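Peer 1: Dumping the structure here so I can ask a few things about it.
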Amino acid sequence: MSTQTSQIIEAKTLKVNFILSIVYVLFSLVIVYFAQSLTVLLDVGYSVITLLIYAASLYVIKKINQPANKRYPYGYHRLEPVFVLLQAGFILIVAASVIIMAIVNLMTHAVTPNYLFAFIASITGTLTCSIMYFYVRNAARKTGSKILHADAELWKADALLSASVDISLAIALILVFFGLPHIAIYIDPIIAIIMGFVITIKPLKLIKEAGLNLLDASVAPELREKITQAANLICSNQGLSIQNSIVTQSGRFLFVDVHLKLPQTLPTQELRNLKATLLKHYKDNHKENVVYVYLSI
């Protein structure tokens with residue numbers, strides 16, 4: 001898939017995300033008012049953060065695809081991992097806030113949910129988030145976009161969160177039906193606490209990955225070995241050998257620095273051909289990434 005096609009798919013997916021998120025958040029705000037449920041509140045808070053992230057994504061995607069300029073001679077590659085850090089950070093804030101509220105409510109029982117209303121609304125949210133997860137994940141796989149990948153994880157977490165709300169409210173409804181409302185009031189805050197901790201797992205992983213990208217850490221050993229082996233093979237076919245190679249990553253962008261052991265004479269055209277061959281190989285075999293190759297001696 002060409003870079004231009006990937007950018008079009010990426011921008012279109014983010015616009016769909018943004019529009020649907022607005023509708024979903026407005027719907028959810030009405031629901032949380034009538035439902036009076038902490039698990040629903042966690043779900044809605046997560047959705048509001050998601051909406052803000054999608055709004056910012058439209059700007060970020062446009063910027064990272066712009067070429068380098070005098071002010072930013074290396075382009076805007078760093079913007080992607082920085083944005084992923086912000087995404088993950090906002091999710092952690094929402095989860096921590098609801099966990100604290102749930103603990104307080106567990107002790108005070110200040111909030112009593114409208115179980116039936118909340119359950120019907122939550123089912124609707126689960127279906128919506130599940131459909132969007134598969135839609136965005138498919139676009140992320142086509143384009144290799146780390147931002148779309150993070151967005152897909154947001155929808156996935158939102159769908160799992162909604163599903164947990166469905167289960168907790170269903171259990172509470174059953175307890176109320178059998179005349180056990182004094183037990184049912186514990187279900188909502190307990191599930192909210194559990195899910196609050198569960199949804200922090202993926203953001204922590206995203207923070208680690210984005211942090212490594214910003215620090216120019218080497219890529220995963222498997223990926224580095226694959227890229228290095230290809231470089232060695234292509235160079236040897238042209239009668240050249242590699243002194244060292246460095247592979248780093250920033251979001252979807254892969255940077256391959258190849259340090260050559262040059263012979264006494266080597267025409268410039270051969271270096272250009274080598275670089276073109278390396279680029280073609282990496283683009284064909286790493287379609288989820290945008291690859292840059294640098295040759296040095």
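Peer 1: Can you report the number of residues in the stretch 282-297 which are touching a residue at least 24 places away in the same chain (Cβ under 8 Å) and within 27 Å of the chain's Cα centre (by Cα)?
Peer 2: Going through the stretch 282-297 one residue at a time, the tally reaches 10.
Peer 1: Is there any pair linking a residue in the stretch 214-225 that is at pLDDT below 75 to one that is assigned to a helix (DSSP H, G or I) and not aromatic (F, W, Y), with Cβ under 9 Å and at least six apart or on different chains, and which?
Peer 2: A217/G211; S218/L212; S218/R224
Peer 1: Something else now. Among the numbered criteria (1) open to solvent by 20 Å² or more (accessible area, probe 1.4 Å); (2) within 19 Å of V136 (Cα to Cα); (3) at pLDDT 75 or above, which single criterion is violated by R78?
Peer 2: Unmet condition: (2).
Peer 1: Could you say whether any residue in the stretch 228-242 is among the β-branched types (V, I, T) and closer than 24 Å to K287 by Cα?
Peer 2: Among the residues of the stretch 228-242, at least one is among the β-branched types (V, I, T) and closer than 24 Å to K287 by Cα, which makes the answer yes.
Peer 1: Continuing with the same structure: Here is a check on your reading of the model: is L215 open to solvent by 40 Å² or more (accessible area, probe 1.4 Å), under 29 Å from V82 (Cα atoms) and within 31 Å of the chain's Cα centre (by Cα)?
Peer 2: yes
Peer 1: Please count how many residues of the stretch 196-212 are surrounded by 14 or more Cβ atoms within 10 Å (Cβ to Cβ) and without any contact (Cβ under 8 Å) to a residue 40 or more places away in the chain.
Peer 2: Summing the residues that are surrounded by 14 or more Cβ atoms within 10 Å (Cβ to Cβ) and without any contact (Cβ under 8 Å) to a residue 40 or more places away in the chain in the stretch 196-212 gives 2.
Peer 1: Next up: Let me confirm something: among V165, V176, V136, which residue is at pLDDT 80 or above, touching a Ser or Thr at 6+ places or on another chain (Cβ under 7 Å) and among the β-branched types (V, I, T)?
Peer 2: One residue alone meets the criteria, V136.
The values are calculated or read from the model by the stated rules, or taken from the named source; none is laboratory data. Everything numeric in this text was worked out from a predicted model, so none of it was measured. When we count neighbours, we look across all protein chains shown, and the Cβ atoms used for this are built from the backbone with ideal geometry, even at glycine. Surface accessibility is based on the protein's heavy atoms, side chains included, excluding ligands, DNA and RNA. Shrake-Rupley method; radii C 1.70, N 1.55, O 1.52, S 1.80 Å.
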